[in-house]
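Novice: Submitted below is the structure of interest, expressed as structure tokens.
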Amino acid sequence: MDSKLTGKVKHMGGCACGEVRYGFYEPTVTNLACHCRACQYASGGGPAYVVTVRREEFRVTRGRPREFTTLSEAGHHVTRVFCGECGSPLYSYSDAEDRFCAVKVGSLDEPGKFKPRLHIWTSEAQPWHKRGLFSAKFRKNPPIRGAKRTDAAENGGND
């Protein structure tokens, strides 16, 4: 993954102990915060802050991360990937949309470069989470272009 050859911007990250490293190229798909209860468990309490990237642009460059798969509320398998040594959450992916993975912003070498552009599953956000800071908001998942309408959005998609 040599950014000098491709002309693309490369981002890198990994776990707290350094056992697992990864990298991906821009463009990213979106930056978001997911407030669903499953992400709260995975993040330790608050939302999961993620940058969504195309899986073809993402590579684990060192180590062998562990995986834990659960069933989402919609019935899809969601796999959360983490370091087996230190437990750091690294990224996740779903069989609902396997072209993308959601990289945990806290695992990036430079997390300050990413700001959430939207907040999803705000219907499950904890009452102490400041809602005034949200940009685009969706009570559940946002509508996906080309997909049939679901209960993802109320009042035009925003809370």
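Bear in mind that the values in this text are calculations on the coordinates, not laboratory data. In this text, all values refer to a predicted model and were calculated from it rather than measured experimentally. Note: ideal-geometry Cβ built from the backbone for every residue, glycine included; neighbour counts use all protein chains shown.
Novice: Could you pull out the residue among E67, E73, E26, E19 that is in contact with an Asp or Glu (Cβ under 6 Å, 6 or more places away or on another chain) and acidic (D, E)?
Specialist: Of the residues listed, the single one that is in contact with an Asp or Glu (Cβ under 6 Å, 6 or more places away or on another chain) and acidic (D, E) is E19.
Novice: Let me ask something else. When the residues of segment 67-86 are filtered to those that are free of Cβ contacts under 8 Å to residues at least 24 places away in the same chain and within 18 Å of G44 (Cβ to Cβ), which remaining residue is surrounded by the most Cβ atoms within 10 Å (Cβ to Cβ)?
Specialist: V81
Novice: Of the numbered conditions (1) without any contact (Cβ under 8 Å) to a residue 40 or more places away in the chain; (2) among the basic types (K, R); (3) part of a loop (DSSP other than H, G, I, E, B), R64 fails exactly one; give the number of that condition.
Specialist: (1)
Novice: Would you point out the residue of segment 37-61, among those that are in contact (Cβ under 8 Å) with a residue 40 or more places away in the chain and either among the hydroxyl-bearing types (S, T, Y) or in contact with an Asp or Glu (Cβ under 6 Å, 6 or more places away or on another chain) (or both), that is farthest from G23 (Cα to Cα)?
Specialist: Filtering segment 37-61 for residues that are in contact (Cβ under 8 Å) with a residue 40 or more places away in the chain and either among the hydroxyl-bearing types (S, T, Y) or in contact with an Asp or Glu (Cβ under 6 Å, 6 or more places away or on another chain) (or both), the one farthest from G23 (Cα to Cα) comes out as R37.
Novice: Looking only at segment 55-64, decide whether some residue is closer than 24 Å to E124 by Cβ and surrounded by fewer than 20 Cβ atoms within 10 Å (Cβ to Cβ).
Specialist: No: segment 55-64 contains no residue that is closer than 24 Å to E124 by Cβ and surrounded by fewer than 20 Cβ atoms within 10 Å (Cβ to Cβ).
Novice: Taking segment 15-36 as the region of interest, how many residues are under 27 Å from N141 (Cβ atoms), over 14 Å from the mean Cα position of the chain (by Cα) and surrounded by fewer than 18 Cβ atoms within 10 Å (Cβ to Cβ)?
Specialist: Residues meeting the conditions: 2.
Novice: Would you be able to tell me the number of residues in segment 87-98 that are surrounded by 14 or more Cβ atoms within 10 Å (Cβ to Cβ) and either among the aliphatic types (A, V, I, L, M) or under 25 Å from P142 (Cβ atoms) (or both)?
Specialist: 8
Novice: Only one of A38, A42, A74, A16 is more than 20 Å from G112 (Cβ to Cβ) and part of a loop (DSSP other than H, G, I, E, B). Can you tell me which?
Specialist: A74
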